[in-house]
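Right, one structure below, let's go through it.
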Amino acid sequence: MKALLIKGYGDIESNISFEDIKEPTCGKKQILVEIYSAGVNPIDYKIIEGQLKAFQKLKFPAPIGFDVAGVVIEKGDEVNNFNIGDKVYSRVSGNEPGTFAEFIAIDCNLASHMPNNLSFNEASSLPLVALTTIQSFEKAELKANDKILIHAGSGGIGTFAIQYAKSKGAIVYTTTSTNNVEWVGELGADVVIDYKKDNYLDIVKDIDVVYDTLGGKYTTDAFNIIKEGGKVISIAGDIDKETSIELGLNTFVRFLLSLKRMKITKLITKKSAYYKFILMNPSGSQLKDLKLLIEENKIKAIIDKSFNFSESIKALLYLKKGRAKGKIVIEIKK
């Protein structure tokens, strides 16, 4: 089968290529899926560039891609929640081959039936951003009437997070550029801040939760706008102690990380706040719950652009520019 593989760490164009590899076999608790569409995420190009090799080193050539939508063409003897011909979507684990390929074998507990009202492209755009947000909001214990700031409202994470927060009855603040203000407001945000015209720090006060998708100064600034005892949930900031243990990092690395987050530790104490760096876990059951929300039209998939399989490198380069409104997907099969 045809698959996109990473040849080494470095720039995108020089370090990935299409190869013909053996079609995966289906384990007892797996489903073999013919891939119709694959979602593209920042983690994909970050892995190629070696930004994550401190946490997991690749053995080259390595597969690429985590989000997938397709059709079950074979199932293992112990699989009873799917049948041949089912349309499914999933965020696969790091132990499985990449989704930028024609076929993939997926553990059956990581997949869900696709929402009936979505196309393959739409379904493949959701798993990673959805699971990251769902698990972030679980840690935040987000509830109705909580005020939440979601940075970068027009991006892949932001467009989903706004809708999901509104489905929970939260009051949503978000930031975006001038051209996207009206569009982001239509997704459900209550207060949309044009970062090119206004400083969000002057507008947002006494927030219950900050969903930090940007890191750096945005992480530390979050403690200035949360209320006493507020929560900062980050997918881009410093790694907390609990997560460093979950990652299996050695004692020395954990010590270095503790030094790196000293400023955050002081801010947590000063504000009696809760801080958590989210390490997303694939979950078929959460995708199944999401399926119901989508079929009730409470959440819709937002796609900026789709690329043909042969244009996968272009898709990664386009995403890296950071100007996408919603998600980028690769159409593997029409």
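The values are calculated or read from the model by the stated rules, or taken from the named source; none is laboratory data. All values derive from a computational prediction rather than experimental measurement. Cβ coordinates were reconstructed from backbone atoms using ideal geometry, including for glycine residues, and neighbour counts include every protein chain displayed.
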Pull out all pairs, ordered by first then second residue, where Cβ-Cβ is under 6 Å, the residues are six or more apart or on different chains, the first lies in segment 76-91 and is at negative phi, and the second is among the aromatic types (Phe, Trp, Tyr). Arg91/Phe66
Whichever residue in segment 253-270 is among the charged types (D, E, K, R) and at pLDDT 95 or above and, among such residues, is farthest from Ser234 (Cα to Cα): Lys270
Select the strands (runs of 3 or more DSSP E) contained entirely in segment 106-210, then report the ones holding at least 3 residues which are buried (at least 24 other Cβ atoms within 10 Å of the Cβ) and of a type in the set (A, V, I, L, M). 147-150
Across segment 7-27, what is the number of residues that are aliphatic (A, V, I, L, M) and either closer than 20 Å to Ile106 by Cα or in a loop (DSSP other than H, G, I, E, B) (or both)? 1
Here is a check on your reading of the model: is Gly70 in a loop (DSSP other than H, G, I, E, B), touching a Phe, Trp or Tyr at 6+ places or on another chain (Cβ under 9 Å), surrounded by 15 or more Cβ atoms within 10 Å (Cβ to Cβ) and modelled with pLDDT of 95 or more? no
Look at segment 279-334 and say how many of its residues are over 18 Å from Met114 (Cα atoms) and polar (S, T, N, Q). 5
Yes/no for Ile328 being under 17 Å from the mean Cα position of the chain (by Cα) and either at pLDDT 95 or above or under 26 Å from Ile134 (Cα atoms) (or both): yes
Can you pull out the helices (runs of 4 or more DSSP H) entirely within segment 216-278 that have at least 2 residues that are in contact (Cβ under 8 Å) with a residue 60 or more places away in the chain and surrounded by 18 or more Cβ atoms within 10 Å (Cβ to Cβ)? 217-225
Kindly evaluate Val329 against the criterion of being of a type in the set (A, V, I, L, M) and either crowded, with 19+ Cβ neighbours inside 10 Å or on the phi > 0 side of the Ramachandran plot (or both). yes
Residues in segment 50-57: is at least one surrounded by 19 or more Cβ atoms within 10 Å (Cβ to Cβ) and touching a residue at least 24 places away in the same chain (Cβ under 8 Å)? no
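Residue by residue, here is whether (1) part of a loop (DSSP other than H, G, I, E, B); (2) within 16 Å of the chain's Cα centre (by Cα); (3) assigned by TED's automatic domain parsing to the domain that holds Ser167; (4) surrounded by fewer than 20 Cβ atoms within 10 Å (Cβ to Cβ) holds:
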residue	(1), (2), (3), (4)
Asp289	no, no, no, yes
Leu293	no, no, no, yes
Glu311	no, no, no, yes
Leu316	no, yes, no, no
Gly322	yes, yes, no, yes
